[in-house]
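For reference, the structure discussed in these notes is given below.
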Amino acid sequence: MSAYKIWILILCSVIFIGGCRSEEILLESGEAPVEAAEGEESEITEETSEDLIYVYVCGRVKAPGVYAVRSGDRWVHALELAGGPLPEADLSGVNLASVLADGDKVYIPAEGETGAAYDGETGDSRVDINRASKDQLMTLPGIGEAKAEAIIAYRRDEGLFTAPEELMKVPGIKAGVYDQMKDSIRID
């Protein structure tokens, strides 16, 4: 065998072994090669900073602060990032299944907090009907325990209110009851 043929054989071996080795490294890293269907181009997407939103988690949590979460994450994810609730936290009026939006304030109240204490930062004493606990809702005119529980059940099942008037969709809350409390409520 000539020296020229030996060099070609060595070169082909190196190329073949090198190609196999790069696939081994790819598989060891846990990534599988992506193959496109016939006639399709493969597209690899990565999470970018555009996919992240920022929320402020505060109140009765272990590590209050601003956290980056993925768009579409829920309150429960933000609460986990903040280390979870403190023992005195009242989660009964917090809809942990609510979808987060950029700039949201995730406030976890303490047991027995009233409407004014619920949002002490702004000084707004109106009750946020999307975040208030049962006790906070019961501070509203015309709202007793049963109606407060109905409001919480509605939030859990239907999602957050987008307008205060939507309270009249809650069983037991008619226009008269709504008129009594409309100046005492807000939506954040």
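Key figures for this structure:
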quantity: Every pair of residues 6+ apart whose Cβ atoms lie under 9 Å, when the first sits in the range 161-181 and is farther than 26 Å from residue 97 by Cα and in the same structural domain as residue 151 (by TED's automatic domain parsing) while the second is aromatic (Phe, Trp, Tyr) and part of a helix (DSSP H, G or I); calculated: none
quantity: Elements of type strands (runs of 3 or more DSSP E) contained in the range 50-114, each with 2 or more residues being under 19 Å from residue 134 (Cβ atoms); calculated: 105-108
quantity: Scope the range 58-107; condition among the aliphatic types (A, V, I, L, M) and at pLDDT 90 or above; matching residues; calculated: 61, 63, 66, 68, 69, 76, 78, 79, 81, 82, 86, 89
quantity: Which listed residue is more than 23 Å from residue 76 (Cα to Cα), of a type in the set (Val, Ile, Thr), touching a helix residue (DSSP H, G or I) at 6+ places or on another chain (Cβ under 8 Å) and at pLDDT 85 or above, from 129, 143; calculated: 143
quantity: Output for the range 144-160, where each listed residue is touching a residue at least 60 places away in the same chain (Cβ under 8 Å) and part of a helix (DSSP H, G or I); calculated: 152, 155, 156
quantity: Positions within the range 129-160 being among the aliphatic types (A, V, I, L, M), farther than 19 Å from residue 99 by Cα, within 29 Å of the chain's Cα centre (by Cα) and surrounded by 13 or more Cβ atoms within 10 Å (Cβ to Cβ), in sequence order; calculated: 137, 138, 140, 148, 150
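The values are calculated or read from the model by the stated rules, or taken from the named source; none is laboratory data. Every value quoted in this text rests on a predicted model; they were computed, and no experiment measured them. In this analysis, Cβ positions are derived from the backbone assuming ideal geometry, glycine residues included, and neighbour counts consider all displayed protein chains.
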